[in-house]
Protein chains: 2
Amino acid sequence: MNNQPVLQKTPDSEQFSAPEIAGVYRAIRERRDMRHFHSQPIEAEQLLRFIQAAHQGPSVGYMQPWRFIRITDIELRKQIHQHVNDERLLTAQALGERTNEFMRLKVEGILACAELLVVGLADKREDYVFGRRTMPEMDLASASCAIQNFWLAARAEGIGVGWVSMFDPAQIRTLCAMPEGSQPIALLCVGHVEKFYPAPMLEVEGWDTRRLLSDIVFENAWESSKLP
Amino acid sequence: MNNQPVLQKTPDSEQFSAPEIAGVYRAIRERRDMRHFHSQPIEAEQLLRFIQAAHQGPSVGYMQPWRFIRITDIELRKQIHQHVNDERLLTAQALGERTNEFMRLKVEGILACAELLVVGLADKREDYVFGRRTMPEMDLASASCAIQNFWLAARAEGIGVGWVSMFDPAQIRTLCAMPEGSQPIALLCVGHVEKFYPAPMLEVEGWDTRRLLSDIVFENAWESSKLP
């Protein structure tokens, strides 16, 4: 991939340096959805840096809908793990012919990771109309961008992150005393790892393959001529 | 912000260099939702680099739900712009007492930007159950992470991106001949800019302020004790 910038309009002093640009592309390329962790703790300051990165994410109408609940109560962590395991079995059943294949996959690292975060959308989001009149789900889009910031910052610092979405939001809401109207969207497992997967784990495990760029890029209309 | 990595477990050769880490945090910090563009074209190769960065995003069950439609037909671009402007007026009405304040804001740069992309979720997503049994909306979460990759890669290269969500999905689906079951989620305005806003435009314009970190980070339960 050629990372040479095309920046005629930007004053030289404001351009990103070549290593800075390379760092961005490297974090994007080497980020992985991790399920294998060391239990070695990470520093609270480091975790806050990642949350700060998330908080610099874009948000529709500047609503900043994201909330982060740090789980430090080990009993609560175990309850969350138990619930995810229950949901894993229900998912396995729902997968039909791929049940056995699915059951061989490691789908979460909740008990082993250094830090577990519940990420949720705030309550009272109906007050925000800007950019959401026809698509209220843009709050989820914003919070997901924030999580991607967190993920990339952590990857740059060599810390693994896994986004677990195998849960019933109502159950997690109850477990974490979240108010009515709030919506948990992610369990983030965060911690040191032995190594990052060389490719997405579901690719390594043969669950699916990466699509060709020509299958996801169209011009003017769905599935017409492609980009060069 | 202290970006010193804490990486005891990672072999030295695999660590990100200090400038690489700084680049990631800088892109996150300086990324903006842009509405002001130069019309100067950007190279197709550069646009593809950003799409490739998006395609390296995480996806639930590795479904890779994102699709990018590059709008090169100027008449189509004008039709999209017209529709967004109609929706802008409806949003203004819905905002009640903030209508006039809203109408003074620039909310899109669709006609001025170098490239306009429609980003959508693919059709036939109901085939994917992995990680979506209880939360089918995780496809939107994945595609949003992909768009954040795009945004950060573009920012690193000095290119501005604006995510416009002021549209009726059904209208955009029709305009771009998208199949039933697909879902447009973003109009991405991409192009050269005179300068990036020093802070989020809605903060600069006084629409809202950035929340304190202590308002978005909780421990074990909603609004109990905070992180140090």
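The values are calculated or read from the model by the stated rules, or taken from the named source; none is laboratory data. Fair warning: this is a prediction, and the values are worked out from it, not measured in the lab. Using ideal geometry, Cβ is built from the backbone for each residue, glycine included, and neighbour counts are taken over all protein chains shown. Keep in mind that these areas ignore ligands, DNA and RNA; they rest on the heavy atoms of the full protein, side chains included. Shrake-Rupley method; radii C 1.70, N 1.55, O 1.52, S 1.80 Å.
Distances between equivalent label points of A:Ser39 across the copies, with each point positioned 7 Å along Cα→Cβ, amount to 6.4 nm, shortest listed first.
Within the full protein context, the accessible area of B:Asp127 is estimated at about 110 Å² for a probe radius of 1.4 Å.
Loop-located GluC sites (Glu not before Pro) across the stretch A:123-228 with a Cβ neighbour count of 12 or fewer within 10 Å are A:Glu180, A:Glu194, with loop assigned by DSSP. Computed on protein heavy atoms with a 1.4 Å probe, the accessible areas place A:Lys106, B:Lys195 in the order B:Lys195, A:Lys106, largest first.
The calculated Kirkwood hydrodynamic radius for the stretch B:112-228 is 17.3 Å, given to one decimal from all distinct C-alpha pairs. Can you work out the PRE-style zone for B:Glu223? Point 7 Å along Cα to Cβ, and I want the residues of the stretch A:158-189 with backbone N under 14 Å. Counting backbone N atoms under 14 Å from the label point, the list is A:177-182.
With a ≥ b ≥ c taken as the square roots of the eigenvalues of the C-alpha gyration tensor of chain A, please select rounded if a/c is under 1.5 and otherwise prolate if a/b is larger than b/c or oblate if it is not? Rounded shape, in that the Cα axes give a/c under 1.5.
Leaving ligands, DNA and RNA out of it, rank A:Lys124, A:Lys78 by accessible area with a 1.4 Å probe, largest first.
On the way: A:Lys124 130, A:Lys78 100 Å².
From most accessible down to least: A:Lys124, A:Lys78.
The modelled label-to-label distance for the pair A:Thr72/A:Ser214, using points 7 Å beyond Cα in the direction of Cβ, is 5.5 nm. Sorted shortest first, the separations between the B:Ile74 label point and its copies elsewhere in the assembly read 6.8 nm; each point sits 7 Å from Cα along the Cα-to-Cβ line. A:Thr72 sits with roughly 60 Å² accessible to a 1.4 Å probe, with DNA, RNA and ligands left out of the calculation. Inter-copy label distances at B:Met103, using a point 7 Å along Cα-to-Cβ, come to 6.3 nm with the shortest given first. For the stretch A:37-126, the gyration tensor built on C-alpha atoms gives an oblate shape. Its axis ratio a/c (a ≥ b ≥ c) is at least 1.5, and a/b is not larger than b/c.
Using the Cα gyration tensor of the stretch A:77-139, with a ≥ b ≥ c the square roots of its eigenvalues, what is the shape: rounded (a/c below 1.5), prolate (a/b larger than b/c) or oblate (neither)?
On the way: a/c = 3.32, a/b = 1.70, b/c = 1.96.
Here the stretch A:77-139 falls in the oblate category.
Projecting the Cα atoms of A:Ser165, A:Trp66, A:Gln46 onto the dipole axis of the protein assembly as shown, where Lys and Arg carry +1 and Asp and Glu carry -1 at the beta carbon, places A:Gln46 farthest toward the positive end. Taking chain B, the Cys residues with no second Cys beta-carbon under 4.7 angstrom are B:Cys145, B:Cys176. Cross-link pairs exceeding 25 Å in C-alpha to C-alpha distance, out of B:Lys78/B:Lys106; B:Lys78/B:Lys124; B:Lys106/B:Lys195; A:Lys78/A:Lys106, comprise B:Lys78/B:Lys124. Could you give the distance between the Cα centres of the stretch A:108-180 and the stretch B:33-91, to the whole Å? The stretch A:108-180 and the stretch B:33-91 have Cα centres separated by 24 Å.
Just so you know, the Cα atoms of the protein assembly as shown work out to an Rg and Dmax of 20.9, 60 Å. For the options A:Ser39, A:Ser17, A:Ser165, a Gaussian network treatment of chain A with springs between C-alpha atoms closer than 10 Å singles out A:Ser17 as fluctuating the most. A:Asp123 exposes around 40 Å² of accessible area when a 1.4 Å probe is run over every protein chain in place.
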